[in-house]
Amino acid sequence: AQAAQRLAQRIATRGPQLLNDAVAYSKPRLATFWSYAKVELAPPTPAEIPRAIDSMKALVRGFQTGRLAQITVKEALRNGLVATEVLMWFYIGEIIGKGGLIGYNV
């Protein structure tokens, strides 16, 4: 009981300072996060859509011509990681849309 009382007293006396330290620590990091988030998480502009379509066409042409056998391991790994990231964002969106991990509310 005394240990709990001491802990509560320490939290009461040091709590505001810890909170101020946490806010001071996180402000520049959150500012950096938001600056990147505004750019990276923004929907594509109308000018970017044709470039994306051309990129997909080039990818299909690369598969058809056999360029897949000529890429380096580093490029293959990078492409695999990008594909995995896209799939994970899709799955996370599905989970959020469903409101749970399993099934839809019908």
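The values are calculated or read from the model by the stated rules, or taken from the named source; none is laboratory data. Not measured: the values here are computed from a predicted model. Methodologically, a virtual Cβ is constructed for each residue, glycine included, from the backbone with ideal geometry; neighbour enumeration extends over all protein chains shown. Heavy atoms of the whole protein, side chains included, go into the accessibility calculation; ligands, DNA and RNA do not. Shrake-Rupley method; radii C 1.70, N 1.55, O 1.52, S 1.80 Å.
A few comments on the model shown:
- Search result, residues across segment 20-60 that are open to solvent by 100 Å² or more (accessible area, probe 1.4 Å), modelled with pLDDT of 90 or more and either under 26 Å from Glu75 (Cα atoms) or touching a strand residue (DSSP E or B) at 6+ places or on another chain (Cβ under 7 Å) (or both): Tyr36, Arg51, Met56, Lys57
- The set of residues from segment 80-106 being at pLDDT 90 or above and either polar (S, T, N, Q) or touching a strand residue (DSSP E or B) at 6+ places or on another chain (Cβ under 9 Å) (or both) comprises just one member, Thr84.
- Of everything in segment 71-80 that is surrounded by fewer than 10 Cβ atoms within 10 Å (Cβ to Cβ) and assigned to a helix (DSSP H, G or I), the residue that is farthest from the chain's Cα centre (by Cα) is Val73.
- Applying the condition of being part of a loop (DSSP other than H, G, I, E, B) and of a type in the set (Gly, Ala, Ser) to segment 81-106 and asking which residue is most open to solvent (accessible area, probe 1.4 Å) yields Gly99.
- Exclusive hit being outside the structural domain of Phe90 (by the TED database), more than 30 Å from Phe90 (Cβ to Cβ) and not β-branched (Val, Ile, Thr), set Ala52, Ala24: Ala24
- The set of residues in segment 1-43 being under 30 Å from Val86 (Cα atoms) and either touching a residue at least 24 places away in the same chain (Cβ under 8 Å) or among the small types (Gly, Ala, Ser) (or both) consists of Ser26, Ala31, Ser35, Ala37, Ala42.
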